[in-house]
Amino acid sequence: MGILLDPISVMMMVVVTFISLMVHIYSLGYMKGEERFATYYSFLGLFTFSMLSLVIASNIFQIYIFWELVGISSFLLIGYYYDKPSAVAACKKAFIVTRFADLGFLIGILVLSFYSGTLDFNTLIERLTTPGSSELSLAISSSFLGVSALTWGMVLVFMGAAGKSALFPLHIWLPDAMEGPTPVSALIHAATMVVAGVYLVARLFPVFVLSAPDALQVVAYVGALSALIAAIIACTQTDIKRVLAFSTMSQIGYMMFALGVSKYAGEGGLGYTASMFHLFTHAMFKALLFLGAGAGIHFIHSNDMRDMGGLRKYLPITHITFLVACLSISGIPPFAGFFSKEEILLAAWQQNPVIYWIGLITSGLTAFYMFRLYFSIFWNKASSLKDKAGSEAHGEGGFAMMLPLILLAIGAAAAGFIPFGNFISADGTPLESHFHLDISIAPVGLGFAGIFIAMWLYKKENERPAKIAASLGGFYKLAVNKFYIDEIYLFITNKVLFNLIGRPAAWFDRNVVDGLVNVTGRVTLGISKGIKKFQSGEVQQYAIYFLTGVIVLAVVFIYILK
């Protein structure tokens, strides 16, 4: 056990402590009156402790311990409302899916520690990145199915990261995780569970760079695919928190493909720095989005944006801060998200044009679905909310809920001006950030286009969205049903795995395992019936046994002495 402090762990500590503080304060208002108020805060404290311990871990097995504690904490908080079947199912789903991913992570740890001869991060990275070292040579020369042991180790580690960060195809737990209290969603999405995977890849980034075949290609394409798929799905969802959940998956995909396209040579690790920068800015605007959504849910008592409309009149502070967050995530200058997203797209443009175009399209979709959400909540139909949500005095949940929104809005607006490259870069040397007008025109233009299209469709209630959805036909149905990925998993589990593995395993369990146990029981019972007569309780019988034994021993000794 140890503590590792370097630029990325310190940055993560700032993110975790600040966002956690905001969530703790916000929860004073949001969770007021809950029966298990103290239990909620104990779980929240465990979550924060686990994530902080994860980011300062000095070795790869230590990080795995707290990685699992983060999983336990999310399980407890997602299932906080344990009397709701949907919450119970959601926390089990999150736990089980991430366990499969963490199995890959554990095997990856064993592979890397075997070839490096250590668990310590600094020593492991040094041994597996030093040209000519015996550890690196052995890890590269050893192979399985034509792939080096080093690459297998890194891909398996990334499997754990993909599960924790809800990347395709291990993302299915994330939308259901919205069953937990909304402040928990803010903590999971902005500062703890889902960003842990990005941190893990960044922590082992030098080893990823040297893996051959290139494990970073896997990171890049999985990240890009996750970003695009999640953005498409988010355009069709009507549950506020699910829109934001798929938004998180998309933004985490951005961070991952930024790492995936980054190399030391030539670019100074621009993608690496951009990924960490986007993690930082994303924490601000995503926590703000969730807490702002929570204020709307707290007021209207519904997660469905179709039940809302015109909330700007009743929640003015929430309205302004939510708008700041939407502009930031959409990459509109001069908000924080613009600077970090521009650097990611620049890195992709320099290294992989295919991923750049995926990222560019995703940026336009992001602006559309976020302002679709914004206009649906705060504009659209002017319904009589007093009758549905109680008195207007109920307002915005009080100072405890408004203070975090204001502070996070400042971060979402201004964090982009931090000279991030001066503090965090892949090779440790300062990396200056530059404004690249030629790269910025397209994403900013698409961002404004997405905003105006969303305004045209959703600012006022009309028939256009329904007509467009109908015109898209099967594709819209695919997107609104999340491309049926959950159903595919259920089919594989129920039809394939159950029949091929479950039924034979059940037969083996009933006939072999249970049979062996039953035979052991019957033999034991038979023996006990045979010998229990020796314990009759009759003294005379015991005396006979005793004398018989003495006579037998005497005969034996006499025979031996002869």
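Helices in the chain, meaning DSSP H runs of at least 4 residues, each add -39500 (n - 2.57). Divided by all residues, the mean residue ellipticity at 222 nm is -23500 deg cm²/dmol. At most 13 other Cβ atoms within 10 Å and a DSSP loop assignment: could you name the GluC sites (Glu not before Pro) in region 1-70 that fit? Passing both the DSSP loop test and the Cβ count: E35. Here R503 and A470 are evaluated by their C-beta separation; at R0 = 51 Å the FRET efficiency comes out at 0.70. Derived value for region 425-512: Kirkwood hydrodynamic radius 19.1 Å. Basis is the mean of 1/r over every pair of different alpha-carbon atoms.
A 1.4 Å probe run over the protein chains yields, for the chain, 43 Å² of accessible area per residue, whole-number rounding. For region 280-374, a crude dipole built from +1 on the beta carbon of Lys and Arg and -1 on the beta carbon of Asp and Glu, taken about the Cα centre, is about 220 debye to the nearest 20. Recomputing Kirkwood radius over Cα pairs in Å from the coordinates shown identifies the correct label among (i) 24.0; (ii) 25.9; (iii) 25.2 as (ii). Of the solvent-accessible surface of the chain, computed with a 1.4 Å probe over protein heavy atoms with every protein chain present, carbon and sulfur atoms account for 70 percent.
The values are calculated or read from the model by the stated rules, or taken from the named source; none is laboratory data. Because the structure is a prediction, the values reported are computed rather than measured. Neighbour counts are summed over all protein chains in view; Cβ atoms, including those assigned to glycine, are modelled from backbone coordinates with ideal geometry. Accessible surface is based on the protein model in full, side chains and every heavy atom, while ligands, DNA and RNA are left aside. Shrake-Rupley method; radii C 1.70, N 1.55, O 1.52, S 1.80 Å.
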